[in-house]
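The next block holds one structure in the form of structure tokens; read it before the comments.
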Amino acid sequence: MQTILIIEDEPELVKVLRSYLETAGFQVLAAYRGDTGLATFESRKPDLVILDLNLPGMDGLDVAREIRRRGNTPILMLTARVEETDQLIGLELGADDYLPKPFSPRVVVARVRAVLRRTQEAAPSREVLRLADLEIDLAAHSVTRDGQFVELTPTEFNLLAAMASQPGRAFSRLQLLEATQGSAYEGYERSIDAHIKNLRAKLEVDSKNPRYIETVFGVGYRFARQ
Ligand code: CA
């Protein structure tokens, strides 16, 4: 069961939200001040925080900052007015969604579900492959070699990620083509050769003697075991 922490100083609002969220199958914790809310956050580690902006004890903005410093727990921020929401979005304090008051509790439940779905989809793929001096962050779609950022196109990244996920395995051009689906691709197996050439130029110290991406004659390519 997922736990939602509501930090909100209006008891009536907490009561309504609690009842809707519990009906929707969530476990609900509540705090009526910013400082006690942060303490509850630390001791209970909820899956999501519904956070009011104007709170006694500690301002909602400061609570949000403190939560962010401690990790990626999603925050749904409640604001008093639409204008406040606009200002907050400009501040980029890391809330995952904003909801101006008044709102329907049904909308809150829907937003909670949407935020949880979004953040959980992103979570399992947060995997980083470390192969020799290459670091491939599958979620961030970023690659560094020797600590230096290597800029790849989406197609190049997908090719690299597919091969580097299984070092030593030979991939046919067709398999690599399939791996690049989801990013724009030209649709011909031979186009893979052009992408591999570019990828080598960016990744390899000597692209004539590749250390990472090897040619498997008659088959395709593979990421060399390091
Ligand atoms: Ca308030």
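The values are calculated or read from the model by the stated rules, or taken from the named source; none is laboratory data. Note that the structure is predicted; figures quoted are calculated from it, not measured. In this analysis, Cβ positions are derived from the backbone assuming ideal geometry, glycine residues included, and neighbour counts consider all displayed protein chains. Side chains included, ligands, DNA and RNA excluded: accessible areas come from the protein's heavy atoms. Shrake-Rupley method; radii C 1.70, N 1.55, O 1.52, S 1.80 Å.
Things worth noting here:
- Annotation note: of 76, 53, the sole residue that is closer than 16 Å to residue 109 by Cβ and open to solvent by less than 20 Å² (accessible area, probe 1.4 Å) is 76.
- For the range 2-25, the condition of being open to solvent by 40 Å² or more (accessible area, probe 1.4 Å), hydrophobic (A, V, I, L, M, F, W, C), more than 19 Å from residue 110 (Cβ to Cβ) and touching a Gly at 6+ places or on another chain (Cβ under 9 Å) holds for none of the residues.
- Filter result for residue 149 (modelled with pLDDT of 85 or more, over 14 Å from the mean Cα position of the chain (by Cα) and open to solvent by 50 Å² or more (accessible area, probe 1.4 Å)): yes
- Residue 42 vs. criteria closer than 22 Å to residue 120 by Cα, assigned by TED's automatic domain parsing to the domain that holds residue 116 and open to solvent by 50 Å² or more (accessible area, probe 1.4 Å): yes
- Looking at the range 1-108, the strands (runs of 3 or more DSSP E) lying wholly inside it that each contain 3 or more residues that are more than 16 Å from the ligand (Cβ to nearest atom) sit at 27-31.
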